[in-house]
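Asks: Got a structure for you, questions after.
No value in this document is a laboratory result; all are computed from the given coordinates. Quantities reported herein were computed from a predicted structural model and do not represent experimental measurements. Don't worry about glycine lacking a Cβ; one is built from the backbone with ideal geometry, like all the others, and counts go over all protein chains shown.
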Amino acid sequence: MVKKQFRIFTLRFLLFSLLFAAFQLSPNHSIAQCGMALKDVVVKEIGNATYLKDFRVRLEEGKNPNKPPAQEFSILLNKGTHYRFNIKADSTTTDQVILKLYDFQRFYGSNYDQSDGTSYEFFDFFCAKTQVYYLSISFATAQAGCAAAIVSFVENYDAN
């Protein structure tokens with residue numbers, strides 16, 4: 001009887017150990033590590049601005065470089081507020097990371113200049129209307145990679 005209970009305990013322990021190891025090696029776990037470490041790097045680059053929110057992504061390689069995979073987020077921004085959007089890819093990513101801000105009707109800004117292919121670490125946005133805006137994060141040539149974006153408050157201004 002004792003040997004049987006010991007075998008059951010041993011089998012349960014082995015099963016639990018295998019499940020735990022599988023979780024540790026899963027892609028979602030590596031996303032969190034990639035994102036948190038990178039977020040800490042980007043937070044140090046916001047200067048005197050006040051951290052508000054972060055967005056972290058890990059994108060798979062796209063099949064079409066003209067239409068790279070993107071991850072989109074929504075965010076409520078307030079009229080009369082100067083925001084800064086910082087973006088950075090991890091050190092293993094060779095592609096340029098692109099952050100775009102828009103709503104249903106209009107494109108407001110990006111860290112990427114399509115005319116010359118230059119990307120910047122941040123861009124500023126002076127919000128003239130309180131509403132939901134959308135952020136899109138992608139890579140210029142659809143390569144796989146990890147990126148983190150930070151939205152920060154710079155100052156209020158008179159939007160009237």
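Asks: Name the long-range amide H neighbours of Gln143: under 5 Å, sequence gap of 5 or more, or other chain; modelled H, no Pro or chain starts.
Replies: Here the answer is Gly62, since their amide H atoms fall under 5 Å of that of Gln143.
Asks: Can you flag which of Lys39/Lys100; Lys44/Lys79; Lys100/Lys129; Lys44/Lys88; Lys53/Lys100; Lys39/Lys79 are past 20 Å Cα-Cα?
Replies: Pairs exceeding the cut-off: Lys44/Lys79; Lys39/Lys79.
Asks: Please identify every one of the trypsin sites (Lys or Arg not before Pro) in the range 89-150 that sits in a loop by DSSP and has no more than 14 other beta carbons within 10 Å of its own beta carbon.
Replies: Arg106, Lys129
Asks: Next up: Please turn the phi angles of the range 58-66 into ³J(HN,Hα) values with the Karplus equation 6.51 cos²θ - 1.76 cosθ + 1.60 (θ = phi - 60°), one per residue in order, whole Hz, x for glycine and proline.
Replies: Residue by residue, the range 58-66 yields 10, 10, 7, 5, x, 7, 10, x, 7 Hz.
Asks: Sum up the charges of everything whose Cβ sits under 12 Å from the Cβ of Tyr51, counting Lys and Arg as +1 and Asp and Glu as -1, but leave Tyr51 out.
Replies: +1
Asks: For the range 36-156, what are Rg and Dmax over the alpha carbons, in angstrom?
Replies: 13.8, 42
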